[in-house]
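The values are calculated or read from the model by the stated rules, or taken from the named source; none is laboratory data. What you see is a predicted model, and the numbers here were worked out from it, not measured in a lab. Here the Cβ positions follow ideal geometry from the backbone for every residue, glycine too, while neighbour counts run over all protein chains shown.
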Amino acid sequence: MDLKNKKLDSNEFNRIREEILGHWETGKDVNLEEAFKYHETIPKHKVFTHKLNEAKENGETLIQPRAGVALPDKHIELLNYLQDEGEADLLPTTVDSYTRQNRYNDAQKGIEESKKLKRSLLNGFPIVNYGVDICREVNESVNLPVQVRHGTPDARLLTEISMAAGYTSYEGGGISYNIPYAKNVSLEKTIRDWQYCDRLVGMYEEAGIPINREPFGPLTGTLVPPCISNTVAVIEALLAAEQGCKNVTVGYGQCGNLTQDVAAIHALEESTEEYLARYGYDDVTVTTVFHQWMGGFPPDESKAFGTISWGAAAAVLSGATKVITKTSHEAMGIPTKEANAAGLKCTKQLIHMLKDQIIVGNKDVDVEKMIIKRETDAIMEKLFELGNGDIAVGAVRGFEAGAIDIPFSPSRFNPNKLMPARDNNGAVRLLNTGNLPFDDELIAFHTGKIEERAKFENRPASFQMVIDDIYAISKGRLVGRPR
């Protein structure tokens, strides 16, 4: 394996870059020096990093939706609606599925069909097809920072065009945009491809242009134990920092138990900062993002708003720097702009009501945080051991060995031996710890928590619990109790 967590040298980067920019005709419009100058004209209040750092300093939680449609005028209309009517603090450009799979010809067909029917036939905005100039029109049409959100294993061309177009934040990573999304793409390839993306961001930073980088926190979004998502976030933060990224937002997907969710965000920020400092990346600023519930939603809109409100409360009580909002249409498909705005306003109301009530000095939170950090450390240390001190190599070998394992992943490069279930209080625990490098005490902790629930429900601890828990929230509960 020639993969290493080492900054790409300029010759290697430029060799790859020449090939990447030729993958679609809009690549020819990317000019780094011109892009640097363009970024210098962007007002400070529209720069993602500045707004996040200001929020962190002031103890605020910002709100951001997901949103993207096929046609530029409709996408501009959507973003302005979410800005003005939805009261968003930060905006997205969510990219369509064809672009995520580098299927630009299919994305172009979707654009043409959308034009004919005058409605979006794509589930996002095809940045690569539109290129630099049209994407700049999108960014210039709003008065807030805009982030690119996608799900792309090979995002190199998308990164080039997005950065040149004036987006000041970029989501994803070589693990978080592979293992939860792809079946047959190797980790070695995606980590290498994302080193290119991060090196490009590092070059913007070296030119004095702050670009926020955000690993995707929720992963598969289904009963992911905090130690797993936190470990992936730390790994991707280390990989990004090596390539020169200076502003990293690490994320977490809501599990549903308030104590665990608050503890997880605290543990995530602390672990990321500790590992960055340990390996010499002292100049990286870390912020956090809390994703409202990513699993199945109740189809009833009123019940859906209850789920959104719980996510909003957990986000602000945890002190997250921002929260990614959901809508009451989650169970039905892509939301209308009105539903998206309603989810934003519901979340903002909770934030205003709870912003002075951040949980600190809570014994249960402290205990839970200690457990999460201990589990994360166990996995991280094993990965460094497997990689002979190199986290990129260790991540690849760790997935091969099952030292790290993401539940319910479609990837054949993921062990899929880990089996989560909720405990009697709704916290996500492990019915089966797979090959995670936990000591006997940690394994006994999880076993005890699951057995406690099994005894309460008068049934054996089994896979049926997992199934029940997956559907529980959509049916109006947190824990999947037998009826």
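Structure notes:
- Out of SER176, SER162, sole residue that is among the polar types (S, T, N, Q) and assigned to a loop (DSSP other than H, G, I, E, B): SER176
- Candidates GLU269, GLU301, GLU273, filtered to the one that is more than 17 Å from the chain's Cα centre (by Cα), in the same structural domain as PRO65 (by TED's automatic domain parsing) and within 30 Å of GLU381 (Cβ to Cβ): GLU273
- Residue match in region 1-16 (condition: touching a Ser or Thr at 6+ places or on another chain (Cβ under 9 Å) and either more than 17 Å from HIS150 (Cα to Cα) or in a loop (DSSP other than H, G, I, E, B) (or both)): no
- Tally of residues being touching a Gly at 6+ places or on another chain (Cβ under 6 Å), of a type in the set (S, T, N, Q) and in a helix (DSSP H, G or I) across region 431-483: 1
- Residues that are outside any helix (DSSP H, G or I) and either in contact with a Leu (Cβ under 7 Å, 6 or more places away or on another chain) or closer than 14 Å to THR285 by Cα (or both) are absent from region 188-209.
- Yes/no for ASN129 being polar (S, T, N, Q), out of contact with any helix residue (DSSP H, G or I) (no Cβ under 7 Å at 6 or more places or on another chain) and in a helix (DSSP H, G or I): no
- Residue identified as among the charged types (D, E, K, R) and within 16 Å of the chain's Cα centre (by Cα) among GLU160, GLU188, GLU206, GLU171: GLU171
- Checked against (1) more than 23 Å from SER409 (Cβ to Cβ); (2) in a loop (DSSP other than H, G, I, E, B); (3) free of Cβ contacts under 8 Å to residues at least 40 places away in the same chain, LYS116 meets all criteria but (2).
- Odd one out for ILE179 among (1) out of contact with any strand residue (DSSP E or B) (no Cβ under 9 Å at 6 or more places or on another chain); (2) within 27 Å of GLU375 (Cα to Cα); (3) of a type outside the set (Phe, Trp, Tyr); (4) without any contact (Cβ under 8 Å) to a residue 40 or more places away in the chain: (4)
- When TYR181 is tested against (1) in contact with a helix residue (DSSP H, G or I) (Cβ under 8 Å, 6 or more places away or on another chain); (2) assigned to a helix (DSSP H, G or I), just one condition goes unmet, and that condition is (2).
- Cβ pairs under 8 Å, 6+ apart, first in region 220-240 and over 11 Å from GLY251 (Cβ atoms), second among the charged types (D, E, K, R) and assigned to a loop (DSSP other than H, G, I, E, B): ILE228/ASP405
- Taken together, ALA314, ALA342 contain a single residue that is touching a residue at least 12 places away in the same chain (Cβ under 8 Å), surrounded by fewer than 23 Cβ atoms within 10 Å (Cβ to Cβ) and either out of contact with any Cys (no Cβ under 9 Å at 6 or more places or on another chain) or within 20 Å of GLN254 (Cβ to Cβ) (or both), which is ALA342.
- Being at pLDDT 95 or above, within 24 Å of the chain's Cα centre (by Cα) and part of a helix (DSSP H, G or I) holds for only one residue in VAL142, VAL69, VAL138, VAL148, and it is VAL138.
- Lone qualifier among LYS303, LYS326 - being farther than 15 Å from GLN64 by Cβ and basic (Lys, Arg): LYS303
- Contact map, region 385-404: residues that are more than 16 Å from ARG192 (Cα to Cα) paired with residues that are crowded, with 24+ Cβ neighbours inside 10 Å and among the small types (Gly, Ala, Ser), Cβ distance under 7 Å, separation 6+ or inter-chain. Pairs shown: LEU386/GLY394; LEU386/GLY398; LEU386/ALA403; ILE404/GLY398.
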